[in-house]
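Input: a single structure, listed below in structure tokens.
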Amino acid sequence: MIGIIRYGAGNIFSLTSALDRLGFAYGMVHTEEDLAQYDRYIIPGVGHAGAAMSKLEQTGLVPAIKALQKPTLGICVGMQLMTAYSEEGDANLLHIFPNKTLRFKDSEHYKVPHTGWNRVHQDKQNPLFKDIPDDAHFYFVHSYYIEYNELYTLASTNYSLPYSASIWHNNFYGVQFHPEKSGVYGETLLANFSKI
Amino acid sequence: MEQLHNTTFPTSGLAKRIVPCLDVKDGRTVKGVNFVDLRDAGDPVELAWNYSQQGADELVFLDITATHERRKTMVELVKSVARQINIPFTIGGGINEIADADALLNAGADKISINSAAVRNPKLIDELAKAFGVQFVIVAVDTRHIDDRNIVHLNGGRIATELETLSWIKEAESRGAGEILLTSMDHDGTKAGFDNTLLKTVNNAVHIPVIASGGAGSMQHFVDVFEQTNVDAALAASVFHYGEILIPDLKDVLRANKIEVR
């Protein structure tokens, strides 16, 4: 059963709807005691990374999240929280990954926020992307991105520069795009995560 | 590293979006819909699901309910759509205050679209962007040519404002609009193609995505709007609802013209 980390950042109705459609059981994690009853976790997140980190710190869950041994998937800002730092709010984050989260530079040719369906290139092989073609499109909405890093980048997107569309280290996974809004392949990814 | 990037990463990859628009009143679609396999052509959720299966990239629901029950029916609709649909969707119509937007966000809407309310109270854009993020806020602009100028109109194009279209759009962007939905009322309903001249001017002048609307009549019109203006998305209603253009065919034509689609 999937435990969704609840810390007051963003709406999770679309995520739980996707899990309902797929038939996966889930529950909510509000405190450290809640963690034990789940075999994997999703850290959702929409909005401002610095503000999201403050809210997460208020739950007291930070040390327990950093120590998680079970599969854990961060989505969008939930993934950015797993990096070391974000320019959004000049905030230190969970530091599960050493990468930084940076703002897209203003550019004539690349609009910000990066909005829409973008190809995702699978740099590494991983069960998270099982049965998903390389360079498939996923739905993105974000103004901040996680640096590309050969060690931790699982899949990348090129939008003014190559950056991490997905990261992976041991039991920790993150996706910048919204699998709950990314059509059939997004649902495949969530299904893959539920079996990792 | 440079060479690695050139060979390893796709050079582009952000798809142009095809966006069917559904008019909804009291929770039911109002414009005629002519799909063969629909059990209930007035059910916006079934219609939306059908479009998502066809490959639509995003959906817009325009609520034209005029009763005081509106917010409640919209919230119910949004919840039903969010439960069933695996692509993003926008709700527009009758959003006048933060509380309206908050209720729709919590029901699962990805974005809201504001039009007249933003013209009457431009600060609403700032407030919504601050409360929910720019990605949540689409400013819809209805425009009409008057004496060689493009003028913002309200109430479906019936009421002219004092605002020049491009300057209003730039103001909306600076206040926190995350996207612009630009409808040419001169082209709307003509099926003669999008207003590519204006769309190109607007698209070049802003740094947020632009959705073209008004005038789609053929698949070539979609090719033209993407090739000539480089807008991010194109919206249409009747050509999709009446089955005159099927989305898989449209995607094939765009692909054949080297336009990135999903």
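The values are calculated or read from the model by the stated rules, or taken from the named source; none is laboratory data. As the structure is a computational prediction, the values presented were derived from the model and not from experiment. Glycine gets a Cβ as well: all are built from the backbone with ideal geometry, and neighbour counts include every protein chain shown.
Quick look at the values:
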item: Count - residues of region B:192-207 that are in a loop (DSSP other than H, G, I, E, B) and buried (at least 23 other Cβ atoms within 10 Å of the Cβ); result: 2
item: B:LEU128 vs. criteria under 22 Å from A:VAL112 (Cα atoms), touching a helix residue (DSSP H, G or I) at 6+ places or on another chain (Cβ under 8 Å), away from chain A (no Cβ under 14 Å) and free of Cβ contacts under 8 Å to residues at least 60 places away in the same chain; result: no
item: All positions within region A:142-177 that are within 14 Å of another protein chain (Cβ to nearest Cβ), of a type in the set (A, V, I, L, M) and outside any strand (DSSP E or B); result: A:LEU161
item: Answer from A:GLU108, A:GLU57 - the residue that is without any contact (Cβ under 8 Å) to a residue 24 or more places away in the chain and not in a loop (DSSP other than H, G, I, E, B); result: A:GLU57
item: Options A:SER17, A:SER86; residue that is in contact with a Ser or Thr (Cβ under 7 Å, 6 or more places away or on another chain) and in contact (Cβ under 8 Å) with a residue 12 or more places away in the chain; result: A:SER86
item: Filter result for the condition that a residue is of a type in the set (Ser, Thr, Tyr) and surrounded by fewer than 22 Cβ atoms within 10 Å (Cβ to Cβ), over A:TYR148, A:TYR144, A:TYR163, A:TYR152; result: A:TYR148
item: Qualifying positions in region B:55-74 - more than 11 Å from chain A (Cβ to nearest Cβ), outside any strand (DSSP E or B) and either within 18 Å of the chain's Cα centre (by Cα) or at pLDDT 90 or above (or both); result: B:ILE64, B:MET74
item: Residue tally, condition closer than 17 Å to A:VAL141 by Cα and surrounded by fewer than 24 Cβ atoms within 10 Å (Cβ to Cβ), over region A:166-177; result: 0
item: Number of the condition not met by B:ALA216 [criteria: (1) within 28 Å of A:SER143 (Cα to Cα); (2) of a type in the set (A, V, I, L, M); (3) part of a loop (DSSP other than H, G, I, E, B)]; result: (1)
item: Scan of region A:73-103 for residues that are of a type in the set (Val, Ile, Thr), over 19 Å from A:PHE140 (Cβ atoms) and within 14 Å of chain B (Cβ to nearest Cβ), ordered by number; result: none
item: Exclusive hit being modelled with pLDDT under 95 and among the hydrophobic types (A, V, I, L, M, F, W, C), set A:VAL141, A:VAL175; result: A:VAL141
item: Region B:144-175, residues that are within 20 Å of B:LYS200 (Cβ to Cβ), loosely packed, with under 12 Cβ neighbours inside 10 Å and among the basic types (Lys, Arg); result: B:ARG149
item: Breaking point among (1) within 14 Å of chain B (Cβ to nearest Cβ); (2) more than 18 Å from A:ASN171 (Cβ to Cβ); (3) surrounded by 16 or more Cβ atoms within 10 Å (Cβ to Cβ); (4) touching a strand residue (DSSP E or B) at 6+ places or on another chain (Cβ under 9 Å), for A:ASN11; result: (4)
item: Hits in region A:71-83 (condition: in contact (Cβ under 8 Å) with a residue 40 or more places away in the chain and assigned to a loop (DSSP other than H, G, I, E, B)); result: A:PRO71, A:CYS76, A:MET82, A:THR83
item: Given (1) over 28 Å from B:ALA101 (Cβ atoms); (2) touching a residue at least 24 places away in the same chain (Cβ under 8 Å); (3) more than 14 Å from every other protein chain (Cβ to nearest Cβ), index of the condition A:LEU22 fails; result: (3)
item: Odd one out for A:ASP106 among (1) more than 11 Å from every other protein chain (Cβ to nearest Cβ); (2) at pLDDT below 95; result: (1)
item: Some residue of region B:87-100 being farther than 18 Å from B:LEU59 by Cβ, within 13 Å of chain A (Cβ to nearest Cβ) and surrounded by 21 or more Cβ atoms within 10 Å (Cβ to Cβ); result: no
item: In region A:122-140, the residues that are under 15 Å from B:ARG262 (Cβ atoms) and either touching a Lys or Arg at 6+ places or on another chain (Cβ under 6 Å) or within 11 Å of chain B (Cβ to nearest Cβ) (or both); result: A:ASP134, A:ASP135, A:ALA136, A:HIS137, A:PHE138, A:TYR139, A:PHE140
item: Out of A:LEU22, A:LEU56, A:LEU61, A:LEU81, sole residue that is crowded, with 17+ Cβ neighbours inside 10 Å and over 21 Å from A:ARG103 (Cβ atoms); result: A:LEU61
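Conditions tested, residue by residue: (1) within 14 Å of another protein chain (Cβ to nearest Cβ); (2) in contact (Cβ under 8 Å) with a residue 40 or more places away in the chain; (3) in contact with a helix residue (DSSP H, G or I) (Cβ under 6 Å, 6 or more places away or on another chain).
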site: B:GLU162; (1), (2), (3): no, no, no
site: B:GLY178; (1), (2), (3): yes, yes, yes
site: B:LYS200; (1), (2), (3): no, no, yes
site: B:ASN203; (1), (2), (3): yes, no, yes
site: B:MET219; (1), (2), (3): no, no, yes
site: B:LEU246; (1), (2), (3): no, yes, no
site: B:VAL253; (1), (2), (3): no, no, yes
site: B:ARG262; (1), (2), (3): yes, yes, no
